[in-house]
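J.: After the structure tokens below, expect a handful of questions from me.
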Amino acid sequence: MQVKTILNRVQKFKSFVYTGVRWAGGGDTPELEVGVAERANGRARCSGCGGPGPGYDRLAARRFEFVPLWGIPVFLVYAPRRVECPRCGVRVEAMPWASGKSHLTQAYAWFLARWARRLSWKEVAQVFRTSWDSVFRAVEMAVEWGRAHQDLGGVQAIGIDEIAWKKGHRYLTLVYQIDPHCKRLLWVGENRRVRTLLKFFRWFGAQRSGELRYICSDMWKPYLKVIAKKAGQAVHVLDRFHIMAHLGKALDEVRAQEARTLKAKGYEPVLTKTRWLLLKRPENLTQKQEIKLADLLQYNLRSVRAYLLKEEFQFFWSYLSPYWAGWFLDQWCTRTMRSKIEPMKKVARMLRAHRALLLNWFRAKGQFSSGVVEGFNTKAKLTSRKSFGFRTYHGAEIALYHVLGALPEPESTHRFC
Ligand SMILES: [Zn+2]
């Protein structure tokens with residue numbers, strides 16, 4: 001069987017034929033070149049508008065990288081015609097295997113893009129002996145196609161989150177769909193300002209925004225403001241993940257401060273290496289850590305008191321009625337305000353100020369999957385940390401959409417991977 005026969009089976013083009021296959025490249029790095037020619041009566045079509053046009057001239061042969069075979073790079077070789085299009089002027093003809101001006105065939109670009117979901121971009125480039133840039137272009141193409149073809153109907157619940165990038169101090173705002181039947185990243189924006197979220201709502205459209213029923217977010221002021229203005233009909237829920245993160249941060253601050261004070265006063269270092277002990281949920285501790293925690297809890301330290309306040313707050317989420325949850329919240333805030341532990345008091349003040357939105361958690365219970373924002377947050381951080389070598393916002397955006405966007409792909413007769 002000839003390679004041509006295989007190609008005709010997996011990737012056949014209507015108006016073009018494969019003419020032959022030959023070796024190319026040097027002795028150590030062999031390549032396969034597959035000749036492509038137009039069918040005898042096949043007319044060239046304009047790449048601008050897709051319409052037919054009279055032939056103008058023919059350009060020099062170009063190579064388009066195809067899916068490798070047995071580890072050997074494969075190229076389609078074709079000399080494109082130019083047409084004199086009545087609408088667009090002189091244009092290169094449309095080639096069904098090519099995507100734009102890229103030197104990658106569409107089949108290969110989708111191949112690389114699919115692998116880039118499983119491996120880092122660098123690894124994909126290494127494994128398939130192509131450049132990082134080619135992998136990036138492939139993923140970019142896949143994301144652009146997917147975003148243009150995705151269905152945005154029926155979105156009822158969204159979660160808004162932010163992640164730090166470029167070593168902190170700079171943020172990306174991420175908007176997820178968190179409906180039980182569909183969870184995906186919908187939108188990425190630079191910064192976390194009022195303007196950032198306004199951009200999301202502009203992209204999402206007034207009608208779809210008006211159909212939202214639940215919005216889950218952190219207490220970040222610019223978000224609260226924009227959500228009230230753009231989707232006032234939706235139940236706005238302050239989500240558990242972000243609130244517990246605020247408490248964790250406050251506790252961490254108390255611990256670090258106290259550890260410094262104790263050290264300065266020359267006390268035994270009871271607080272060293274206790275950071276994860278206090279931040280982890282008790283059920284996730286190892287046996288050794290459990291013993292150390294029990295030991296630590298005997299001291300009347302500010303860190304211990306802050307830890308107990310944080311753990312106590314977990315009860316809040318187990319209430320069923322908003323009324324009793326509100327009662328618990330008020331009790332907890334009063335106790336915390338008396339604790340004289342400033343970082344914890346700061347959180348209590350914040351929770352008091354957002355009491356109504358906090359209690360929405362109980363009104364929305366079971367209507368959307370609340371843990372999903374936390375899950376996405378972890379994956380988004382991992383994606384941006386794996387970093388794929390990108391330093392630009394555009395690179396981060398493309399990577400996040402590719403991994404978390406659940407974007408559609410075109411139907412093709414053969415899947416190369
Ligand atoms: Zn045209």
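J.: If amide H atoms are built 1.01 Å from N in the plane of the peptide, which residues on other chains or at least 5 residues away come under 5 Å of the amide H of Trp187?
T.: Distant-sequence amide H within range of Trp187: Val175.
J.: So what J values fall out for segment 114-124 if you push phi through Karplus, 6.51 cos²θ - 1.76 cosθ + 1.60 with θ = phi - 60°, rounded to Hz, Gly and Pro as x?
T.: 5, 5, 5, 7, 9, 10, 5, 4, 5, 5, 4
J.: Would you mind calculating the gained length between Met350 and Ala61 on full extension (0.36 nm times residue separation, minus the Cα-Cα distance), in nm to one decimal? Mind dumping the intermediate values first?
T.: Working: separation 289, 0.36 × 289 = 104.04 nm, distance 6.65 nm.
This chain segment gains 97.4 nm when fully extended.
J.: Which entries of Lys230/Lys340; Lys288/Lys381; Lys225/Lys379; Lys265/Lys379; Lys221/Lys292; Lys340/Lys365 show an alpha-carbon separation above 31 angstrom in the structure shown?
T.: Working: Lys230/Lys340 39 Å; Lys288/Lys381 29 Å; Lys225/Lys379 27 Å; Lys265/Lys379 42 Å; Lys221/Lys292 39 Å; Lys340/Lys365 33 Å.
Lys230/Lys340; Lys265/Lys379; Lys221/Lys292; Lys340/Lys365, as the Cα separations exceed 31 Å there.
J.: Please list His149, His394, His236 from largest to smallest accessible area, probe radius 1.4 Å, with all protein chains kept in place.
T.: Heavy-atom accessible area, descending, gives His149, His394, His236.
J.: OK, next. Figure the gain on full extension for Glu411 and His394 (residue separation times 0.36 nm, minus the Cα-Cα span) and round it to one decimal in nm. Please list the in-between numbers first.
T.: Values: separation 17, 0.36 × 17 = 6.12 nm, distance 2.68 nm.
Computed gain between Glu411 and His394 is 3.4 nm.
J.: Using each residue's phi in segment 393-399, evaluate 6.51 cos²θ - 1.76 cosθ + 1.60 at θ = phi - 60° and report the 3J(HN,Hα) Karplus result to the nearest Hz, with x for Gly and Pro.
T.: Karplus values, whole Hz, x for Gly and Pro: 4, 4, x, 4, 4, 4, 4.
J.: Taking a probe of 1.4 angstrom, what is the accessible area of Thr392 in Å², to the nearest 10?
T.: Accessible area of Thr392: about 80 Å².
J.: Per DSSP H run of n ≥ 4, the term is -39500 (n - 2.57); total these for the chain, divide by its residue number, and report the mean residue ellipticity at 222 nm rounded to 500 deg cm²/dmol. Kindly include the intermediate steps, with their values, before the conclusion.
T.: Numbers: 16 runs with 191 residues, N = 417.
Calculated from helices alone, the mean residue ellipticity at 222 nm is -14000 deg cm²/dmol.
J.: Given the C-alpha centroids of segment 327-364 and segment 228-244, what is the distance between them in whole angstrom?
T.: Between the Cα centre of segment 327-364 and that of segment 228-244, the gap is 16 Å.
J.: Search the structure for amide H atoms under 5 Å from the amide H of Ala79, placed 1.01 Å from N in the peptide plane, and list their residues when 5 or more places away or on another chain.
T.: Arg62
J.: Mind listing the lone cysteines of the chain, meaning no other Cys beta-carbon sits under 4.7 Å from theirs?
T.: Cys49, Cys182, Cys216, Cys333, Cys417
J.: Sticking with this one: Have a look at Gly266, Gly395, Gly50 and tell me which one the Gaussian network model of the chain (Cα, springs below 10 Å) gives the largest fluctuation.
T.: Of Gly266, Gly395, Gly50, the Gaussian network model singles out Gly266 as fluctuating most.
J.: How would segment 277-385 be classified by its alpha-carbon gyration tensor: rounded, prolate or oblate, with rounded meaning a/c under 1.5 and the a/b versus b/c comparison settling the rest?
T.: Working: a/c = 1.81, a/b = 1.12, b/c = 1.61.
Oblate shape, in that a/c is at least 1.5 and b/c is the bigger or equal ratio.
J.: Also, quick follow-up: Sequence gap at least 6, Cα distance under 8 Å: using those rules, report the relative contact order of segment 318-400 to the nearest whole percent. Before the final figure, lay out each step's value.
T.: Details: 33 pairs, mean separation 20.2, N = 83.
Relative CO of segment 318-400 lands at 24 percent.
J.: What whole-number distance in Å separates the alpha-carbon centres of segment 99-131 and segment 158-197?
T.: The distance from the Cα centre of segment 99-131 to that of segment 158-197 comes to 26 Å.
J.: Label Glu290 and Lys221 with points 7 Å out from Cα along Cα→Cβ: what is the distance between them in nm?
T.: With each label placed 7 Å out from Cα toward Cβ, I get 4.5 nm.
J.: Which cross-chain or sequence-distant (5 or more) residues have an amide H under 5 Å from the amide H of Glu162, H modelled 1.01 Å from N in plane?
T.: Placed amide hydrogens put Leu174 under 5 Å from Glu162.
J.: Here is a follow-up. How much of the accessible area of the chain, probe 1.4 Å, is carbon plus sulfur, in whole percent? Could you put the intermediate results ahead of the total?
T.: Details: 11900 of 22380 Å².
Heavy-atom surface of the chain belonging to carbon and sulfur, 1.4 Å probe: 53 percent.
J.: Can you give me the distance in nm between label points at Glu311 and Arg363, each placed 7 Å from the Cα along the Cα-to-Cβ direction?
T.: 3.4
J.: Got a sec? Which residues in segment 12-55 would a label at Arg87 touch, if it sits 7 Å along Cα→Cβ and we count backbone N under 11 Å?
T.: Answer for this model: 46-52.
J.: If you don't mind, another one. Within segment 20-58, list the residues whose amide N lies under 11 Å from a label point set 7 Å along Cα→Cβ of Lys4.
T.: It comes to 20-22, 35-37, nothing else.
J.: Same structure, new question: Taking the DSSP beta bridges in the chain as the whole, what percent of them are antiparallel, to the nearest 5? Numbers along the way, then the final one.
T.: On the way: 41 of 53 bridges.
So the antiparallel bridges in the chain amount to around 75 percent.
J.: Let me ask you something else. Report the FRET efficiency, 1/(1 + (r/R0)^6), for Ala40 and Arg213, where r is their Cβ-Cβ distance and R0 is 56 Å, rounded to 0.05.
T.: On the way: r = 59 Å, r/R0 = 1.06.
After rounding to 0.05, the efficiency reads 0.40.
J.: Something else about it: Let me know the shape class of segment 240-295, please: from the alpha-carbon gyration tensor, a ≥ b ≥ c as square roots of the eigenvalues, rounded when a/c is under 1.5, otherwise prolate if a/b is greater than b/c, or oblate.
T.: Details: a/c = 4.02, a/b = 1.26, b/c = 3.19.
Taking the square roots of the gyration eigenvalues as a ≥ b ≥ c, segment 240-295 is oblate.
J.: In sequence order, what are the phi-derived ³J(HN,Hα) couplings for segment 299-304 according to the Karplus relation 6.51 cos²θ - 1.76 cosθ + 1.60 with θ = phi - 60°, rounded to whole Hz, with x for glycine and proline?
T.: Listing the rounded values in order: 7, 8, 9, 4, 4, 5 Hz.
J.: Going by a ≥ b ≥ c, the root eigenvalues of the Cα gyration tensor, does segment 321-417 fall in the rounded group (a/c under 1.5), the prolate group (a/b larger than b/c) or the oblate group?
T.: Values: a/c = 4.67, a/b = 2.08, b/c = 2.24.
Note, shape of segment 321-417 comes out oblate.
J.: Thr19 versus Ala79, label points 7 Å from Cα toward the beta carbon: distance in nm?
T.: 0.7
The values are calculated or read from the model by the stated rules, or taken from the named source; none is laboratory data. What you are looking at is a predicted structure, and each value in this text was computed from that prediction instead of being measured. So basically every Cβ, Gly included, is an ideal-geometry build from the backbone, and we count neighbours across all protein chains shown. Accessible surface is based on the protein model in full, side chains and every heavy atom, while ligands, DNA and RNA are left aside. Shrake-Rupley method; radii C 1.70, N 1.55, O 1.52, S 1.80 Å.
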